[in-house]
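Okay, here's the structure, questions in a sec.
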Amino acid sequence: MARHTRIVVLTGAGISAESGLPTFRDANGLWEGHDPMQVATPEAYADDPDLVQRFYDERRAALSRVEPNAAHRALARLEAELGDDLLVVTQNVDDLHERAGSRRVHHVHGRLRSAWCTTCDERHDWSGPLADRPPCPACGAATLRPDIVWFGELPYGMDVVEEALEHCDLFVSIGTSGLVYPAAAFVHWARGATLELNLEPSAGATDFAESRTGPATRLVPAWVGEVLTGSSGRGRARGPR
Ligand code: BJW
Ligand code: ZN
């Protein structure tokens, strides 16, 4: 394995699909007749907070019924070898990377298992429902909302992501449609080689130097194996566009 290889991995809903969590934009993606993209907005929360809370309560509850898959576990294995030279940036709000053993995981769109009090601005680890309006453990106000980044809100820790992308040798995007910004632009911010792993080519597939198609549970362990054995396939260097 090449020494001093710094890798940034971006993951999206596709990496958790084979664990049983639905992606956002797949064919039968309606929730109680609503498009999830319409529910995951500050406007929807202002109009119908109960509906939005139930949407996230159900997804938080679903986490205890699913397990990390071979793709999550392969990334944890890679971190065990690379340590600080690997950063997983995830758009996912599930906790499957952590449960697979990854520690360097940065959730740009927040976490289902966190609640944010809009009165005192504290965040609390949270595993139960929020629709029944529990009091904030810090200030007592019944103003806890899902700690999730909705459209129009600022993703978390973009400074950390920018810094990592500026200094990486390889950027790998796994299971994301490339339709939501700023994550869709990370491939342009990355300094090194670029590689996409997806079930089918994403909207931005041609922006990557190399793109491989197939299920994450097959592609990710295979790619991690290549990195760990030092064989080819760490993602080709970016060529002229
Ligand atoms: C498999 C697989 C298998 C399946 N194996 N692969 C006009 C132009 C440009 C930008 C904008 C615009 N108008 C507004 C914007 C900005 C907006 C945006 O991007 N809108 C677009 C719709 C155009 N973005 C924002 O508002 C963001 N904030 C922002 O921009 O702030 C300003 C700013 C930022 C930074 C610097 C300066 C200023 C916030 C975005 C928040 C997104 N929130 C959501 C919901 C909350 C989380 C939740 O409820 O879970 O995040 S939306 C939803 O999309 C969710 C996801 O994280 C995100 C990405 O989806 P993802 O993961 O890609 O899933 P899918 O379903 O789309 O794709 C699945 C993929 O997996 C597919 O490709 C499949 O092929 C693949 N797949 N099975 C491998 N087995
Ligand atoms: Zn509070």
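What follows draws every value from the coordinates through simple rules; no lab data is involved. Values in this document were obtained by computation on a predicted structure and should not be read as measured data. Counting neighbours? That spans all protein chains shown, and the Cβs are built from the backbone with ideal geometry, glycine included.
Against the 2.2 N^0.38 Å scaling, with N counting residues, where does the range 23-161 land? I'd like the Cα-based Rg ratio to two decimal places.
1.11
Taking Cα pairs under 8 Å and at least six residues apart, what relative contact order does the chain come out at, in percent?
Values: 457 pairs, mean separation 54.2, N = 241.
About 22 percent, as a whole number.
Considering the alpha-carbon set of the chain alone, what are its Rg and its Dmax in angstrom?
For the chain, the Cα-based Rg and Dmax read 18.2, 57 Å.
Right, another one. Can you give me the Kirkwood hydrodynamic radius for the range 82-178, using every pair of distinct Cα atoms, in Å to one decimal? Walk me through the numbers on the way to the answer.
Details: mean 1/r = 0.0662 Å⁻¹.
So the Kirkwood estimate lands at 15.1 Å.
Shape call for the range 172-230 from the C-alpha gyration tensor, a ≥ b ≥ c root eigenvalues: rounded (a/c under 1.5), prolate (a/b greater than b/c) or oblate?
Details: a/c = 2.25, a/b = 1.39, b/c = 1.62.
It is oblate, given that a/c is not under 1.5 and a/b is not larger than b/c.
Shape of the range 155-197 from its Cα gyration tensor (a ≥ b ≥ c, root eigenvalues): rounded if a/c is under 1.5, otherwise prolate when a/b > b/c, or oblate?
oblate
Let me ask something else. Provide the gained length on full extension for the span Glu43 to Glu153, in nm with one decimal, where the gain is 0.36 nm per separating residue minus the Cα-Cα distance. Can you show the working numbers first?
Numbers: separation 110, 0.36 × 110 = 39.60 nm, distance 1.13 nm.
Result: 38.5 nm gained on full extension.
Going by Cβ distance under 4.7 Å, what cysteines of the chain have no possible disulfide partner?
Here Cys168 come out as lacking a disulfide-compatible partner, given the Cβ-Cβ threshold of under 4.7 Å.
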